[in-house]
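Each remark here refers to the structure printed beneath this line.
Values in this text are rule-based calculations from the coordinates and carry no lab data. Just so we're clear, the structure is a prediction, and the values are computed from it rather than from any experiment. When we count neighbours, we look across all protein chains shown, and the Cβ atoms used for this are built from the backbone with ideal geometry, even at glycine.
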Amino acid sequence: MSDSFARLLDVASVALLVTLLAGLVRVWRGPRAEDRMLAGQLFGTTGVAILLVLAVRTGNAALRDVALVLAALAIVTVSTFVGRVGEPPAAREPDDDAR
Amino acid sequence: MSPALWYALVGALLVAVAFAAFAAHTHVVRRLLAFNVMGTGSFLILVGLAQHERGPDPVPQALVLTGIVVAVASTALALVVFRRWFAATGRVALPEDDTP
Amino acid sequence: MSAASLPAWVLASSLLPAVLIFLLPESRRRTRTTLNLAAAGLKLVLVAAMSWGVVRNAPHEVRFTMWPGAEFILRGDALACLFAGLSALLWLFTTIYAIGYLEGAPNRSRFFGFFSLCVASTMGIALAGNLLTFLLFYELLTLSTYPLVVHRGTEKALAAGRTYLRYTITGGAALLLGIAVLYSFAGDVEFKETGSLRAVAESQWPLLRVAFGLMIAGLGVKAALVPLHGWLPQAMVAPAPVSALLHAVAVVKAGAFGIVRVVYDVYGIEFARELALLVPLTIAASVTIVWGSLRATQQTDLKRRLAFSTVSQVSYIALGVSLFGPLGTIGGLVHLLHQGIMKVTLFYCAGNYAETLGVHDIRELDGAGRRMPLTSAAFTIGAVGMIGVPPLAGFVSKWYLGLGALEAGHPWVLAVLIASSVLNAAYFLPIVHRLWFRNASAPWPDERSFGRFETSLWFLIPTLATAALTVGAGLFAGMPFSPLQWAMLITRREYLP
Amino acid sequence: MTLLFDVILGLGLLLAAGGALWSRSLFRAVVLFVVFGLLVALAWVRLEAPDVALAEAAIGAGLTGALLFDAVGHLRRTRRDPPDGAA
Amino acid sequence: MIDAATPLIPLAVVVPLLWAVLTAVRPQVRAAWLVVPGLLAWCTTAALLWSHVRAQGVTQYALGGWAEPLGIGLRADGLAATLTLVTAVIASACALHRLLSPPAEFADHAARWFWPLFFLLGAALDGVWLAADLFNMYVGLELLGLSAVGLVTVAGTTIALAAALRYLLAALLGSLAYLLGVALLYADYGTLALASLANGFTASTTTLVALALITAGLCLKTALFPLHGWLPPAHGAALPPVSALLSALVVKASFVMLLRIWLGPGVSLLVPAVAQGFGVLGAGAIAWGGWQALRHAELKMLVAHSTVAQLGYLFVAVPLLVDASAAARASAWDGVMLQVVAHALAKSAMFLASGALIAAVASYRVDDLAGVSRHMPLALFAFGLSAVSLMGLPPSGGFSAKWMLLQAALASGQWQWVFVLLGGGLLTAGYVFRVFRASFLQGAEDRFTPTPLGWDVVALALAASAILLGVMAVAPLEVLRIGAPPSVGLLLNGAP
């Protein structure tokens, strides 16, 4: 691997990480449960991307498996969300900080 | 500072924050979240500190693997008990903590 | 069975019946009676066999290690036989009495089970060969008497039980601490004639004194030394046979016997005197003798009067022991037996009056002598014996105690003895007077008829038997195997290594 | 450059954890917790522990997240009409 | 002393684990058919292991042939072997109690999980006793906590659920603190095997923090005063056989770990101030637990608070284990070992007997026991025998243990502990005689529910063994000294 390519991969990974964290804003602000959920899904996808970049960067093939699991994980969380959390309340999330 | 030490430091901060949350919240699910974060924090410390001293080391990693499994089992059990408790009483916190 | 294991068999002869009786259903009356009497008889035979070994100078012994550094020892030496013989004899009589007393009452299985357990503990106390074994049975006695004290299950009985526990458990803790202190520098202390602590370095003597004080305080609770006697009068709510055997004999004597053991066989009488431990004990015993008698004169309830009389009389034993000299020792030891026999007679009589006539108060006894002549005769013998009129048992004890006091150079003790005798007379003679020389002024509170005899034969036989023994022990004091001769045998061995 | 990555990731971890622990909305807390699990998996990769990363992603974030979602969903559905207002 | 031909050590863990799986997958089989052979196998394994250790001394085993540090090392010293045996015996007694119970009592669906959790608990306990490294201990402890919480919920009542949740949170917090401590230790020493740590800890900051975390976590799990709050509700609300297991054994697991760590590698850091601190907390536990037991209206809560107090004795022994002469330390070691075993036997007997009494009068209140002495003499007798041991009255294991601790305290001149030990006994007498007092009151005759006779017999057998332990302590103590920490100052077979 050439030096410049490695450097490129490093930059890519940092950039992806920053994108990922930017998604936190959406999770925090909502306003609806779906918004949060979808932001979470974005994380999954970006996470897979980061892992793949790192896999190439470090030459560690095991990271691809991790990426695979992360991709599968997205399915689990979405299906739980759809199945269990159900339709959200109309406008805004209530504060469920009741005791 | 080596990356390992940095992550150990992050782990320590996580433990601190989570412990505060554990003490502050009465909602059982929130306390479980805190517990899980605390666990992850200690795992980071475990691996981070060890690798900071000695480089990549399979032993702490094996320990963490076990720890993750244990943590999820604990969480699952806690949620089962919690849901039965919630179904019986409609409360989300334990009676002693349930100050108005 | 091998001869050496005799002490274990003596113990087993009441421990096994206890277990069997617990397991018997309430309704198996006849089996239980047979078992009780057979065990009591067997025990008497075993104790006699053991005493024979002592006379031949071959005491029996059983021992094993409970944990490293702590042995369990049962040994039938002369002193053990004295106490074991007394308990075995009176157990037989009291069992007979109790069978009649509890006729038709509930919870008999429980009663006789714990009763046998009590006797087993008493036997263990008698036979214990070291302090730890002694402590073991001493505490067992506390535990097994509690259910008997609260047997009736009334609020009053439970309150008495609580008082009893408070005193005895605290006393047990003091005894435990005393023994533990002693062990911490002297190791496993075996009972040995003339004592075994002489080798202790002089620097440890303060600790020896502390241990002595703690042990005597612990034992003093059961021996009802003033001011540790508060439980005894209250415990009189128990059924009559319990008061008779346990609170006239087993429990209080266990304490007194413990004092004897500590003074003679742990410290050794000479060594105890060197440590200046005896004079305080003499004083405590004297105070108790006078105080108990004084309080007895104030009681109108018959059993309570007898209870305070016990407080006073048991301290004669401690008195005799603490007077340095063989004569005092003889007086104290022989009183251990004599007082037991006399006091149990008096308690039987009190039970007879209560069960036959419903009488509990002394003022209701007017004219009872005519209605119950045999019981009243027995009572009179017991009372006169207690006062110390020759030739009855009590006279023998007081005679030797007085001689012992003179020999030891404590003439003031004579004054205590005389004062006590006067007080004895002051609280016993009015009762005797009422029995024989007054006419019944009112109908008996709760009269029951028992057919041909004045009261149930179950009651009458033990009463008369112990009354006869009171006379016999005094009259035949010079015969071999009389209590006096046995006490002399022990004294010889304690003073002559 | 990798140092930068580590620093950002560490801060992201703290941010996500703080959100998961102190969010007023319980649902948001759980989503943030899943995100947190994901970031931790990345951290394990950086710590040269791919096996742990795998387990963390599958179990720490995935399974635990699903369990928590399930519970929170249950709470919400029941909370619509809380039994005698006890909640 | 590695003895590869000793599969007994892993078997002690595997056998209960196997039955946990069996009972989980075959719940439809009648419990007795499945459970009784399991108990037999378990007891046999434990007894064989005990006699093996007795004959051969400390035995080690590396699971799967892997050596440290990656392999799972197991080590059976006298303490581990004895506790494994005691666990098998008490668990069998509790299982019999359960098998003899009328089935209608457990309509709750959680009851299906009783047997799997029960055997899992057993496996976890054996795992903790036999663990040779700090991490195996963690796994065992965690499994123990989870199965114990599960078993508490089997009672099915709301109170039990709340108690279980509280217990779980305390257990999780405790084991996390422990894990964090272990992580720090690993950073310092690069190993977690107790054998490799035998050179002792150095007083580095990391180690001190680690020890503090470990101690705090384990004390929380042992319910050492003032961290005991979770224990009484959990032990009070569970089913009688579960309470018996929890009080007798589960709380001891974390105590044994504390002992192994502090007396093993940590002994150089167990300075008098720390040791005396443990003693003070123990004294607090004795006083507070006893006081609470005196005033609690419910029988099982009384017994549960008694556990808090009795655990105090174990900690009172800590200063005597280090801050004393060699002979005193040996005596204290014997005392604390015997107290662990005697309390296990006595307390399980007491919980089982209480269960029978409660079922008979259909009430939890002590005051409602009036008249029960006539109706259930055997159960009350079992309660009484176990109480004798708890009070420390002779003859009983509790007495012998107290005696040895007293000797240690006197020999080292630490009079404060003498009075704590004696005062604790008086306090115990105070609360257990409350029960007798109530039971001897005359009560109505016809209000008692019949209970299985087997319950009484099981409780009686356990209580009787607590008593017998007091007079036949030579062999158990000999075994318990095998592999004792060198700091305690014991030769392998030497007398003190």
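Give the long-range amide H neighbours of C:L392: residues separated by 5 or more places, or on another chain, with amide H under 5 Å away, using H modelled in the peptide plane at 1.01 Å from N.
HN-HN under 5 Å from C:L392: empty list.
Test of the criteria: in the stretch C:396-484, which trypsin sites (Lys or Arg not before Pro) are in a DSSP loop and have at most 11 other Cβ atoms within 10 angstrom of their Cβ?
On the way: sites: C:K398, C:R434, C:R438, C:R448, C:R452; in loops: C:R438, C:R448, C:R452.
Of the trypsin sites (Lys or Arg not before Pro), the ones in loops of the stretch C:396-484 whose Cβ has at most 11 other Cβ atoms within 10 Å are C:R448, C:R452.
Give me the percent relative contact order of chain E, please, defined on Cα pairs under 8 angstrom at least 6 residues apart.
Values: 923 pairs, mean separation 75.8, N = 496.
Once divided by the residue count of chain E, the mean separation gives 15 percent.
On the Cα set of chain B, report Rg and Dmax in Å, please.
16.5, 52
Roughly how crowded by other chains is peptide A:65-72, in terms of the mean Cβ count from those chains within 10 Å of each of its Cβ atoms?
Values: counts 5, 13, 5, 2, 10, 10, 1, 3.
Going residue by residue through A:65-72 and averaging, the value is 6.
Give me the inter-chain shielding for B:19-32: mean count of other chain Cβ atoms within 10 Å, whole number please. Write out the running numbers ahead of the final one.
Numbers: counts 4, 2, 6, 5, 1, 2, 4, 1, 7, 5, 8, 9, 5, 8.
Averaged over the peptide's residues, the number is 5.
Given the options D:L14, D:F69, D:L3, identify the residue whose Cα lies farthest towards the positive end of the charge dipole of chain D (+1 on Cβ of Lys, Arg; -1 on Cβ of Asp, Glu).
Working it through, the farthest residue towards the positive pole turns out to be D:F69.
Can you tell me the dipole magnitude for the protein assembly as shown around its Cα centre, using point charges on the Cβ only (Lys, Arg +1; Asp, Glu -1), in Debye to the nearest 20? Please list the in-between numbers first.
Working: 80 positive and 64 negative charges, 544 e Å.
Result for the protein assembly as shown is approximately 2620 debye, rounded to the nearest 20.
Rank these for me by crowding, E:H52, B:H25, C:H229, C:H338, going from fewest to most other beta carbons within 10 Å. Don't skip to the end; give the middle numbers.
Details: E:H52 17, B:H25 20, C:H229 26, C:H338 31.
With the sparsest Cβ surroundings first, the list reads E:H52, B:H25, C:H229, C:H338.
What does the charge dipole of the stretch C:279-380 about its Cα centre add up to, to the nearest 20 debye, if the Cβ of each Lys and Arg holds +1 and the Cβ of each Asp and Glu holds -1?
Working: 8 positive and 5 negative charges, 8 e Å.
Value, rounded to 20: 40 debye.
Any chance you could give the angle, 0 to 90 degrees and rounded to 10, that helix E:205-222 forms with the longest Cα principal axis of chain E?
Helix E:205-222 sits roughly 20 degrees off the main axis of chain E.
Once the dipole of the protein assembly as shown is set up with Lys and Arg at +1 and Asp and Glu at -1 on Cβ about the Cα centre, which of C:I381, E:A283, C:L141 lies farthest towards its positive end?
The residue sitting farthest along the positive end of the dipole is C:I381.
When the helix-only estimate is applied to chain D (DSSP H runs of n ≥ 4, each -39,500 (n - 2.57), divided by the residue count), what is the mean residue ellipticity at 222 nm, nearest 500 deg cm²/dmol?
Numbers: 4 runs with 64 residues, N = 87.
Only helices count here, giving -24500 deg cm²/dmol.
Could you check the simple spin-label distance between D:T78 and B:A16, using points 7 Å along Cα→Cβ, in nm with one decimal?
Inter-label distance under the simple model: 3.7 nm.
How much mean residue ellipticity at 222 nm does chain E get from its helices, if each DSSP H run of length 4 or more adds -39500 (n - 2.57) and you divide by all residues, to the nearest 500 deg cm²/dmol?
Details: 19 runs with 350 residues, N = 496.
Mean residue ellipticity, 222 nm, calculated: -24000 deg cm²/dmol.
For the stretch C:26-132, state which trypsin sites (Lys or Arg not before Pro) are in a DSSP loop and have at most 15 other beta carbons lying within 10 Å of their beta carbon.
Numbers: sites: C:R28, C:R29, C:R30, C:R32, C:K43, C:R56, C:R63, C:R75, C:R108, C:R110; in loops: C:R28, C:R56.
Listed in order of number, the matching sites are C:R28, C:R56.
Quick one: putting +1 on the C-beta of Lys and Arg, -1 on the C-beta of Asp and Glu, what dipole do you get for chain C around its Cα centre, in Debye to the nearest 20?
The dipole of chain C has a size of about 900 debye.
Report, in degrees rounded to the nearest 10, the 0 to 90 angle that the Cα long axis of helix D:64-79 makes with the longest principal axis of chain D.
The angle comes out near 20 degrees.
Run through the DSSP bridge list for the protein assembly as shown and note the antiparallel percent, rounded to the nearest 5.
Numbers: 18 of 19 bridges.
Percentage antiparallel, nearest 5: 95.
Any chance you could give the angle, 0 to 90 degrees and rounded to 10, that helix E:114-130 forms with the longest Cα principal axis of chain E?
Helix E:114-130 sits at roughly 30 degrees to that axis.
Net charge within 13 Å of C:P68 by Cβ-Cβ distance, Lys/Arg positive one each and Asp/Glu negative one each, not counting C:P68 itself? Mind showing how you got there, number by number?
Working: positive: E:R481; negative: C:E71, C:D188, E:D334, E:E478.
Counting the neighbours of C:P68, the net charge comes to -3.
At 10 °C and a viscosity of 1.306 mPa s, what translational diffusion coefficient does Stokes-Einstein give for the protein assembly as shown, taking Rh as the Kirkwood radius over Cα pairs? Give it in µm²/s as a whole number.
Details: Rh = 33.9 Å.
Value of D from the Cα-based Kirkwood radius: 47 µm²/s.
Give the average, rounded to an integer, of partner chain Cβ atoms located within 10 angstrom of each Cβ in E:433-440. Don't jump to the answer; show the numbers that get you there.
Values: counts 7, 1, 0, 7, 8, 1, 3, 13.
Across the residues of E:433-440, the mean count of other-chain Cβ atoms within 10 Å is 5.
Would you list the membrane-span-like helices of chain C, meaning whole DSSP H runs whose alpha-carbon atoms span at least 24 Å along their axis and whose mean Kyte-Doolittle value is at least -0.5? Write out the running numbers ahead of the final one.
Details: long enough: C:6-23 (26 Å, 2.12); C:29-55 (39 Å, 0.79); C:78-101 (34 Å, 1.77); C:108-127 (28 Å, 1.13); C:131-149 (26 Å, 1.56); C:155-186 (45 Å, 0.83); C:205-222 (26 Å, 1.35); C:278-298 (31 Å, 1.13); C:302-322 (31 Å, 0.61); C:326-357 (46 Å, 0.68); C:411-437 (38 Å, 1.43); C:457-475 (26 Å, 1.70).
Those that clear 24 Å and a mean of -0.5 are C:6-23, C:29-55, C:78-101, C:108-127, C:131-149, C:155-186, C:205-222, C:278-298, C:302-322, C:326-357, C:411-437, C:457-475.
Pop the C-beta distance of C:A201 and B:A76 into the FRET formula with R0 = 60 Å and round what comes out to the nearest 0.05. Don't jump to the answer; show the numbers that get you there.
Numbers: r = 67 Å, r/R0 = 1.12.
The pair C:A201/B:A76 has a calculated efficiency of 0.35.
In which sequence would B:S74, C:S121 go, from the one with the fewest C-beta neighbours within 10 Å to the one with the most? Don't skip to the end; give the middle numbers.
Details: B:S74 25, C:S121 28.
Arranged by neighbour count, lowest to highest, B:S74, C:S121 become B:S74, C:S121.
Given 37 °C and 0.692 mPa s, how large is the Stokes-Einstein diffusion coefficient of the stretch C:298-497 in µm²/s, with Rh as the Kirkwood radius over Cα pairs? It would help to have the intermediate numbers written out before the result.
Details: Rh = 17.4 Å.
Result for D is 189 µm²/s.
Excluding same-chain residues fewer than 8 positions from E:K402, which lysines have a Cα within less than 26 Å of its Cα?
Cα-Cα hits under 26 Å: C:K222, E:K221, E:K252, E:K300, E:K347.
Which of E:A342, E:I214, E:G38 sits closest to the plus end of the dipole of chain E, meaning its Cα is farthest towards the positive end, when Lys and Arg get +1 and Asp and Glu get -1 on the C-beta?
The listed residue farthest towards the positive side: E:A342.
What is the order of C:T170, C:T145, E:T451, C:T356, fewest Cβ neighbours within 10 Å to most? Write down the numbers at each step before the final one.
On the way: C:T170 17, C:T145 29, E:T451 21, C:T356 24.
Ordered from fewest to most neighbouring Cβ atoms within 10 Å, C:T170, C:T145, E:T451, C:T356 come out as C:T170, E:T451, C:T356, C:T145.
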